[in-house]
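In what follows, a structure is listed as structure tokens, so that the remarks can point back to it.
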Amino acid sequence: MHDHGASAQQARGGTGGIVLGRPFGVPVVVGPSWFLVAVLITWVFQPQVARALPQLGELSWLVSLAYAVLLYVSVLVHELAHSVTALRMGLPVKRITLHLLGGVSEIERQPQTPLRALLVSVSGPVLNLVLAGLGWLVLQVAEPGTVVGELASALTWANLVVAVFNLLPGLPLDGGFVLEALVWRLRGDRLAGTVAAAWVGRALAVLLVAGPLVVASLTEGRLPLLTVVWGVFLGSFIWVGAGQALAGARTRARLPGLVARRLARRAVPVPRDLPVAEAVRRAQAAGAGALVVVDAADRPVAIVEEAAVAAMPEQRRPWVPVGDVARRLDPDLVLDADLEGEPLVEAINRRPAPEYLLKDRQGLVYGVLVLSDVERVLSPQAPQPRQAPR
């Protein structure tokens, strides 16, 4: 699987887990849930290994653990294929995370053409099929009843399972992204592709949940309970992912209305040592919605945080300098006032903050962009943000 693109409403921050390394510059994180799955796979496959290799005795547990490791190595290779393909196209990759249900590559920007989206999507399953073929070749020369033969079989089947499952044509699986790209190419509309692939994903989720339950009822419970539980688990995961894709499509449909200049709040420049009460009075008198701290040469050096001012008791405001409730400007907090749509969201995602300073093409201060105003535009339930008076 891969996950590309993000809205300004997404929570940011680190993902808990162990960083295995940074192949191709991409951090690979193993989530805590992976260890639970590794234990489960080891426990499920140990009897099979013990029957196939009785000479191993208790060492069959180690070979069974190797099954689990090979499965997740297959998942890691799959995600690396997505990430490397994206990097070759100039799309930044935040990280790869291995977790309970496999893995995800966090690609920070959307591919801009159907062909590029298709190539990113199929690269993972294709590499898994190649590895399955290599495993099959090893099986042809490995002696039956040996550890090498068993592990080659595990490598072959693990990669086949990862490839085939991910090629199912519904979001959030790779096959869903393939379907999205094909509909996008045929209809000329990316959102139409997303909606189609998401609804197919929901249909797959229903089949994964209902199928094992129906079979179990028809066979009077002879279907293993683990199969039923796993079907419900996978179906729930796909249903949730498809729902998130639909929500993302609705958000992207509102991106044309996301224009930095329209959302900019008029900003009043204030010196760092001015009391908060006086700074607020000046903003209100000017009909402005933001405050920018300037130095002695009237250069902007910080943005006053609206939330910090709102949280300050009225009786303290005459005694606290405005510089104490301001966020120092760094380059990522200064945005081009001409940004709009997806490029504006990407700029915000690079450096999440409550407020940003907007500058025009001449380098002059245009206003302040407040994140909550952006989120109102992207939320279908909320009213449109007010525009600053000009």
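So here's what we get for this one:
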| quantity | calculated |
| --- | --- |
| Sole exception among (1) surrounded by fewer than 17 Cβ atoms within 10 Å (Cβ to Cβ); (2) closer than 30 Å to SER64 by Cβ; (3) among the small types (Gly, Ala, Ser) for GLY188, by number | (2) |
| Answer from VAL200, VAL215 - the residue that is touching a Leu at 6+ places or on another chain (Cβ under 8 Å) and surrounded by fewer than 16 Cβ atoms within 10 Å (Cβ to Cβ) | VAL215 |
| Options VAL368, VAL301, VAL280: the member that is farther than 30 Å from THR251 by Cα and not in a helix (DSSP H, G or I) | VAL301 |
| Qualifying residue in region 32-53 (condition: in contact with a strand residue (DSSP E or B) (Cβ under 7 Å, 6 or more places away or on another chain) and at pLDDT 90 or above) | no |
| Unmet requirement for VAL292, which otherwise passes all of (1) open to solvent by less than 60 Å² (accessible area, probe 1.4 Å); (2) modelled with pLDDT under 95; (3) over 30 Å from ALA192 (Cα atoms) | (2) |
| Hey, GLY145 under 15 Å from the mean Cα position of the chain (by Cα) and on the phi > 0 side of the Ramachandran plot or not | no |
| Per-region count, region 325-350, residues under 18 Å from LEU378 (Cβ atoms) and either open to solvent by 40 Å² or more (accessible area, probe 1.4 Å) or outside any strand (DSSP E or B) (or both) | 12 |
| Breaking point among (1) touching a helix residue (DSSP H, G or I) at 6+ places or on another chain (Cβ under 9 Å); (2) surrounded by fewer than 18 Cβ atoms within 10 Å (Cβ to Cβ); (3) closer than 30 Å to PHE165 by Cα, for ALA249 | (2) |
| Options LEU182, LEU223: the member that is surrounded by fewer than 20 Cβ atoms within 10 Å (Cβ to Cβ) and more than 17 Å from SER121 (Cβ to Cβ) | LEU223 |
| Failed criterion for ARG282 (all others in (1) open to solvent by 40 Å² or more (accessible area, probe 1.4 Å); (2) farther than 25 Å from ALA117 by Cα; (3) in contact with a helix residue (DSSP H, G or I) (Cβ under 9 Å, 6 or more places away or on another chain); (4) not hydrophobic (A, V, I, L, M, F, W, C) hold) | (3) |
| Scope region 61-82; condition over 25 Å from VAL126 (Cβ atoms) and in contact with a Phe, Trp or Tyr (Cβ under 6 Å, 6 or more places away or on another chain); matching residues | SER64 |
| Cross-chain or 6+ apart pairs with Cβ under 6 Å, region 142-170 first and open to solvent by 60 Å² or more (accessible area, probe 1.4 Å), then among the small types (Gly, Ala, Ser) and outside any helix (DSSP H, G or I) | VAL148/ALA142 |
| Counted residues, region 101-139 - those being over 16 Å from the mean Cα position of the chain (by Cα) and closer than 25 Å to ALA68 by Cβ | 17 |
| Residue among LEU62, LEU20, LEU87 that alone is over 28 Å from ALA245 (Cα atoms) and either modelled with pLDDT of 90 or more or charged (D, E, K, R) (or both) | LEU62 |
| Tally of residues being out of contact with any strand residue (DSSP E or B) (no Cβ under 9 Å at 6 or more places or on another chain), assigned to a helix (DSSP H, G or I), surrounded by 14 or more Cβ atoms within 10 Å (Cβ to Cβ) and among the aliphatic types (A, V, I, L, M) across region 90-129 | 6 |
| ALA297 out of contact with any strand residue (DSSP E or B) (no Cβ under 8 Å at 6 or more places or on another chain), farther than 17 Å from LEU274 by Cα and open to solvent by 30 Å² or more (accessible area, probe 1.4 Å) | no |
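The values are calculated or read from the model by the stated rules, or taken from the named source; none is laboratory data. Given the structure is predicted, the values throughout are model-derived calculations rather than measurements. Using ideal geometry, Cβ is built from the backbone for each residue, glycine included, and neighbour counts are taken over all protein chains shown. These accessible areas exclude ligands, DNA and RNA; they are computed on the full protein's heavy atoms, side chains included. Shrake-Rupley method; radii C 1.70, N 1.55, O 1.52, S 1.80 Å.
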